[in-house]
Amino acid sequence: MSENLHERALQLVAKARVEGLADSEREWLTVHLQDCDFCNEHAQQIDCALRSLRTAAIPVPADLASRTQFRVRLRAMELREREPKRRMLWLACAASWIFGIASAPYVWRIFEWFGHVTGAPKLLLEIGFGLWWTIPALFAVIVLLLESARQTEEPEWMKPSR
Ligand SMILES: [Zn+2]
């Protein structure tokens, strides 16, 4: 076989991977590769190299995707973990307010009794009684403030790197 035929075959092998071949070119190449071990081996080496390139390229985006997924899952877990706590907080507040309303007459009686025993002025008792009512609200405000402060300082590694 002449040198030109092998050269043409190798050119067609490369062309097939880049832009594709015309039917006549593909037929000619198939026949040549069946007859010529040298070109056949060359074509297989190219295929092999391309395949390993392709498989080597896969782990990078796959790893990136899994890392992103991990980050999203972690964030979701964090939010899920935080949510019941907040619901518990509101439940505790509501319960304490309901309990406060239900127990108000008794609490006031305790304050009155305290006034009788200590001789404290009625105004002081009334202020004490009022403060008693604001305790759950103050507690809720403090917890919410702490929560929002913690939310703003997100750890550095959670932010998308660029
Ligand atoms: Zn050949």
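The values are calculated or read from the model by the stated rules, or taken from the named source; none is laboratory data. Computed from a predicted model, the values in this text were never measured in an experiment. Cβ sites come from the backbone with ideal geometry, for glycine too, and all protein chains shown count toward neighbours. These area figures cover heavy atoms from the full protein model, side chains too; ligands, DNA and RNA do not enter into them. Shrake-Rupley method; radii C 1.70, N 1.55, O 1.52, S 1.80 Å.
Can you work out the FRET efficiency for the pair residue 3 and residue 24, with r the C-beta to C-beta distance and R0 = 25 Å, to the nearest 0.05? Before the final figure, lay out the partial values.
Numbers: r = 22 Å, r/R0 = 0.86.
Efficiency, from the Cβ-Cβ distance: 0.70.
Tell me the carbon and sulfur percent of the accessible area for the stretch 103-148, rounded to whole percent, probe radius 1.4 Å.
Within the stretch 103-148, the accessible surface is 80 percent carbon and sulfur.
With the other protein chains left in place, how much accessible area per residue, in square angstrom, belongs to the stretch 71-158 at a 1.4 angstrom probe?
79 Å²
With a 1.4 Å probe and all protein chains left in place, how much of the accessible area of the stretch 3-57 comes from carbon and sulfur atoms, in whole percent?
Values: 2040 of 3970 Å².
Carbon and sulfur atoms account for 51 percent of the accessible area of the stretch 3-57.
Would you kindly derive the ³J(HN,Hα) couplings of the stretch 115-125 from the backbone phi angles with the Karplus curve 6.51 cos²θ - 1.76 cosθ + 1.60 (θ = phi - 60°), listing them in order in whole Hz, with x for Gly and Pro?
x, 4, 5, 8, x, 6, x, 4, 4, 4, 4
How large is Rg/Rh for the stretch 3-57, to two decimals, with Cα atoms and a Kirkwood Rh?
1.00
By how many nm would the segment from residue 16 to residue 127 lengthen if fully extended, with 0.36 nm per residue of separation less the alpha-carbon distance?
So the extension gain works out to 30.9 nm.
Just the number please: accessible area per residue for the stretch 3-57, 1.4 Å probe, all protein chains included, in Å².
72 Å²
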